[in-house]
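J.: Input: one structure, supplied below.
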Amino acid sequence: MAWFRGKFATVIIISQLVFILIIGLFGKYSREAGADKDASVTHDEENSINRYYGVFQDVNVMVFVGFGFLMTFLKKYGYGAVGFTFLVATFAIEWSTIVRGLIFNLKGGKFEIGVESLIEADFSAAVVLISFGAILGKSSPLQLIIMAIVEVVLSVGNEYLGLEIFEVTDVGGSMFIHAFGAYFGLGVAWILQRDANENNEKEGATYNSDLSAMIGTLFLWMFWPSFNGALVENELRHRAVINTYFSLAACCIVTFAISSLSNKEGKIEMVAIQNATLAGGVAVGTSADLLINPWGAITVGSIAAIVSTLGFKYCTPFLCDKLKLHDTCGVHNLHGMPGILGGVVGAIAATFATFETYGDSLVVQFPELGSTPSPRTAGSQAGYQILALAVTLAISLVGGLVTGLIMKLKIWDEPSDRDLFSDYPFWDDVTGGLPNESDARYQPIPRQEVEAGHEDDGGNGVNMTEISKAASAAAE
């Protein structure tokens with residue numbers, strides 16, 4: 001595919017040159033990372049690298065291993081799931097460092113880059129990867145880059161509006177990361193919808209691809225407490241870890257139960273275990289560092305499990321059949337609805353925030369509520385939390401629809417119907433020696449031919465019987 005090679009490489013190289021130029025002009029090391037000998041914390045234990053590097057690496061594992069392998073359930077899109085996650089995340093990290101620096105941290109014509117900004121860049125990458133899940137297997141890598149360019153700007157702008165203008169709390173990103181990424185991705189998916197997305201033979205999973213996806217699930221589940229507590233410290237991080245862990249544990253337990261109850265034969269469905277078991281981490285994100293108590297975290301995780309599991313069972317087919325909204329990974333169920341739940345829980349928690357319960361940490365978590373004299377009541381703070389959620393949903397949906405229209409322009413060469421949910425158009429030697437996509441024998445065998453005696457490999461779309469015959473003929 002010459003068009004893919006030329007356009008893709010050109011956009012990537014030009015983008016990288018632009019990133020180098022902008023960071024060269026406006027970026028600099030943070031005070032602790034620089035060579036300033038007067039920086040008293042440069043070499044002592046209070047340096048932020050010692051406080052944040054552990055959770056930074058945990059978040060990295062979630063972004064690159066967790067998200068990447070979670071999306072390998074598609075039987076013919078494993079390279080694309082892990083490989084394009086790698087590409088899109090690193091691209092978003094560089095781009096978001098620039099965008100965040102210019103929006104949040106530009107001082108004296110420069111913005112600082114330290115370990116905290118690296119964590120924030122990982123968060124922006126997570127936003128784009130959530131959206132990627134909605135269009136997994138239905139877009140070219142060039143289209144994904146275009147999506148990342150637009151989405152990072154909109155998501156960081158939305159976050160600035162919520163944190164700096166509305167002054168709300170969302171430590172684990174239920175609203176600004178999960179809900180935004182999900183509904184932005186759904187907006188893009190609706191624009192990119194085509195008939196070939198539905199009931200596509202290549203969209204299914206195999207036993208091995210589902211096991212591969214469970215690797216991503218387990219990594220995400222284990223490291224989610226670090227994600228929700230990454231940018232807070234001391235008792236706030238301690239609470240975030242406890243609340244997230246209990247919410248995840250309860251979510252896992254209840255997901256198994258609801259999956260079994262909603263199955264006609266009482267069996268457990270793997271799609272729910274891969275995804276809905278993580279919804280507790282999403283739903284507790286906004287309130288992770290708040291005083292919701294362990295029993296509250298368990299309650300939030302249990303509700304998230306019910307919403308997410310039933311979403312995969314009933315909501316996903318409904319959206320696809322009635323609205324023609326095809327959501328490959330079910331991000332609406334894992335990130336969208338639990339993200340909204342998380343925003344609502346955060347608002348409820350804010351209504352009970354008082355100096356008597358929070359002490360001195362009140363001003364850290366709710367600056368407007370904790371100031372003297374206080375310009376806000378707990379009730380008005382809750383109102384701002386809901387306002388931030390509503391604005392997030394509006395910006396993400398409209399932004400996703402507009403971005404989808406941009407991605408659909410002919411200049412980006414979206415995959416053909418035949419190329420959907422397949423690694424073959426973009427990766428070399430996918431079959432490990434078997435025919436490539438230019439060989440007619442690559443085409444899946446029609447069901448009637450299989451029933452008539454032909455054999456298929458059970459997932460890779462290669463007619464093994466015909467290949468064997470051809471090999472025998474060649475040998476003779």
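The values are calculated or read from the model by the stated rules, or taken from the named source; none is laboratory data. Quick caveat, the model's predicted, so the values are computed rather than measured. Note that we place each Cβ from the backbone using ideal geometry, even for glycine, and neighbour counts take in every protein chain shown.
J.: If a residue must be touching a residue at least 40 places away in the same chain (Cβ under 8 Å) and of a type outside the set (S, T, N, Q), how many such residues does the range 349-366 contain?
T.: Of the residues in that region, 7 qualify.
J.: Look through the range 399-427, keep the residues that are surrounded by 15 or more Cβ atoms within 10 Å (Cβ to Cβ) and of a type in the set (Gly, Ala, Ser), and return whichever of them is farthest from residue 139 (Cα to Cα).
T.: 399
J.: Of the conditions (1) buried (at least 24 other Cβ atoms within 10 Å of the Cβ); (2) assigned to a loop (DSSP other than H, G, I, E, B); (3) not hydroxyl-bearing (Ser, Thr, Tyr), residue 75 clears all except one; give me its number.
T.: (1)
J.: Looking only at the range 80-102, how many residues end up being out of contact with any strand residue (DSSP E or B) (no Cβ under 9 Å at 6 or more places or on another chain) and over 24 Å from residue 65 (Cβ atoms)?
T.: Number satisfying all stated conditions: 1.
J.: Related question: Is there any pair linking a residue in the range 160-176 that is charged (D, E, K, R) to one that is part of a helix (DSSP H, G or I) and surrounded by 17 or more Cβ atoms within 10 Å (Cβ to Cβ), with Cβ under 6 Å and at least six apart or on different chains, and which?
T.: That search, which allows pairs on different chains as well, returns 170/176.
J.: Please state which one of 420, 393, 409, 405 is modelled with pLDDT of 90 or more and farther than 18 Å from residue 134 by Cβ.
T.: 409
J.: Considering only the range 189-216, state which residues are among the acidic types (Asp, Glu) and buried (at least 16 other Cβ atoms within 10 Å of the Cβ).
T.: Result: 203, 210.
J.: Now a separate question. Can you confirm whether the range 276-283 contains a residue that is modelled with pLDDT of 95 or more, among the small types (Gly, Ala, Ser) and assigned to a loop (DSSP other than H, G, I, E, B)?
T.: Looking for residues that are modelled with pLDDT of 95 or more, among the small types (Gly, Ala, Ser) and assigned to a loop (DSSP other than H, G, I, E, B), one finds none in the range 276-283, hence no.
J.: Taking the conditions exactly as written (of a type outside the set (Gly, Ala, Ser), surrounded by 14 or more Cβ atoms within 10 Å (Cβ to Cβ), in a helix (DSSP H, G or I) and modelled with pLDDT of 95 or more), does residue 19 satisfy them or not?
T.: Yes; evaluated as a whole, the condition is true for this residue.
J.: Inside the range 317-424, counting only helices (runs of 4 or more DSSP H) that do not spill past its ends, which hold 3 or more residues that are over 18 Å from the mean Cα position of the chain (by Cα) and of a type outside the set (Val, Ile, Thr)?
T.: Once the helices (runs of 4 or more DSSP H) in the range 317-424 are filtered for at least 3 residues that are over 18 Å from the mean Cα position of the chain (by Cα) and of a type outside the set (Val, Ile, Thr), what remains is 337-350, 355-358, 367-370, 378-407.
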